[in-house]
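The values are calculated or read from the model by the stated rules, or taken from the named source; none is laboratory data. Model, not experiment: these values are computed from the prediction. Positions of Cβ are backbone-derived with ideal geometry, glycine not excepted, and every protein chain shown enters the neighbour counts. Areas reflect the complete protein model, heavy atoms only, side chains present, ligands, DNA and RNA absent. Shrake-Rupley method; radii C 1.70, N 1.55, O 1.52, S 1.80 Å.
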Amino acid sequence: MHIRHITLHPDRFPATDCYPFNLEIFHRTPGIELSAPVTFFAGENGTGKTTLLRAICRRCGIYIWGEIPSPSLQRNLHQGQLHRAVEVEWCNGSVPGSYFGSENFRQFAAIVDEWTADDAGQLQYLGGKSFVTQSHGQSLMSYFNARYRIKGLYFLDEPETALSPASQLQLLQLIHETSRAGHAQFLIASHSPILLACPEAQIFNFDRAPIQPIAYEETTHYRIYRDFLDKREAFFT
C-alpha cells in the first residue's frame, strides 16, 4: 500500500453547475478509505470514475501522458480541475508510478518506437520488443508485464478495452501477483467482470451517491454478464 485515504473537498469546487462539479456523487462523498493494494472503480459511463481516477493521479504528482483537452463547442473552463479539491494520504511517503489510458497508448507506442530507433537498448525496459510490431492487445500486455513489476503506484483506465478475455486473465494474474508481492498498488476504473474478480480487491460503486464499497457479486457488471450467460435467449424475445 502506498496511499491509504482520499479526501474530497466540495467547498473547494470552483463551480456547481458544470461537469464534474455538478455530480452529486462528489458532493456526498467525503472520502474513500483504501484497505487493499488493488482498488476498482465500477459504475456506468458518466458516473465520474475516470474523472476521479485522473484527479487522484494528478494529486499524487504522476504525469498523465498525452493528456490533451478534447475540442468542444462549449468550453468547460473547469474540466480537469477536480484534483485541486482532492487530498491524498500516503502510507510511507510518495512513490513514482504511471497512468494508463487506452485512448493514448497507440500514440505512446509510436513515440517509443522513435526513441528506440536511436537507442534500441531502451526496449529492455518495455518488454524487449517494439510495440508497433505487435498487435494492439499484444503490445498492451508487453507494456503491462514490463511496467507493473516495478515498485510504484499504478492508475489504469479501462485496460480491458483492447484485450481478449484470455489476455484479461493474464492481466488479472499479473495485477494479483505484483500487488501481493507488496511493491505495487493499483487503482483501476473498469467494466470487466474478469478484472473485477481480482482476489482480495476492493471495489467502489459509482452508480449511487455516496461512493461506497460493494461486493463483487453485487456489481451491475457481474449481474448483467451472469444473467446474459445463464439466459441469453431471453434477451432476444
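Between Pro14, Pro37, Pro30, the distinction of being open to solvent by 20 Å² or more (accessible area, probe 1.4 Å) and in contact with a helix residue (DSSP H, G or I) (Cβ under 7 Å, 6 or more places away or on another chain) belongs to Pro37 only.
Across segment 220-237, not a single residue is classified as surrounded by fewer than 18 Cβ atoms within 10 Å (Cβ to Cβ), over 15 Å from the mean Cα position of the chain (by Cα) and within 28 Å of Gly152 (Cα to Cα).
Looking across segment 31-45, the residues that are in contact with a Ser or Thr (Cβ under 7 Å, 6 or more places away or on another chain) and either basic (Lys, Arg) or closer than 10 Å to Ser190 by Cα (or both) come down to Phe40, Ala42. Looking across segment 139-159 at every residue that is more than 28 Å from Cys91 (Cβ to Cβ) and in contact with a Ser or Thr (Cβ under 8 Å, 6 or more places away or on another chain), the one that is surrounded by the most Cβ atoms within 10 Å (Cβ to Cβ) is identified as Leu140. In this structure, Leu174 does not satisfy being over 13 Å from Phe40 (Cα atoms) and surrounded by 21 or more Cβ atoms within 10 Å (Cβ to Cβ). Only a single item in (1) surrounded by fewer than 14 Cβ atoms within 10 Å (Cβ to Cβ); (2) in contact with a helix residue (DSSP H, G or I) (Cβ under 8 Å, 6 or more places away or on another chain) is not met by Ser135, and it is number (2). For segment 195-203, check the following and say yes or no: at least one residue is in contact (Cβ under 8 Å) with a residue 60 or more places away in the chain, touching a Gly at 6+ places or on another chain (Cβ under 9 Å) and of a type in the set (A, V, I, L, M). Within segment 195-203 (the criterion being in contact (Cβ under 8 Å) with a residue 60 or more places away in the chain, touching a Gly at 6+ places or on another chain (Cβ under 9 Å) and of a type in the set (A, V, I, L, M)), the answer is no, since none of the residues qualifies. Would you check which residues across segment 194-237 are more than 20 Å from Phe41 (Cα to Cα) and either in a helix (DSSP H, G or I) or aromatic (Phe, Trp, Tyr) (or both) and list them? Listed by number, the residues that qualify are Asp227, Phe228, Leu229, Asp230, Arg232, Glu233, Ala234, Phe235, Phe236. Scanning segment 52-69 for residues that are open to solvent by 30 Å² or more (accessible area, probe 1.4 Å) and not in a loop (DSSP other than H, G, I, E, B) yields a count of 3. Confirm whether Asn104 is under 24 Å from Ser179 (Cβ atoms) and modelled with pLDDT of 75 or more. No: the conditions fail for Asn104. Restricted to segment 177-193, and to residues there that are closer than 19 Å to Glu160 by Cβ, in a loop (DSSP other than H, G, I, E, B) and out of contact with any Phe, Trp or Tyr (no Cβ under 7 Å at 6 or more places or on another chain), the residue that is least open to solvent (accessible area, probe 1.4 Å) is Ser192.
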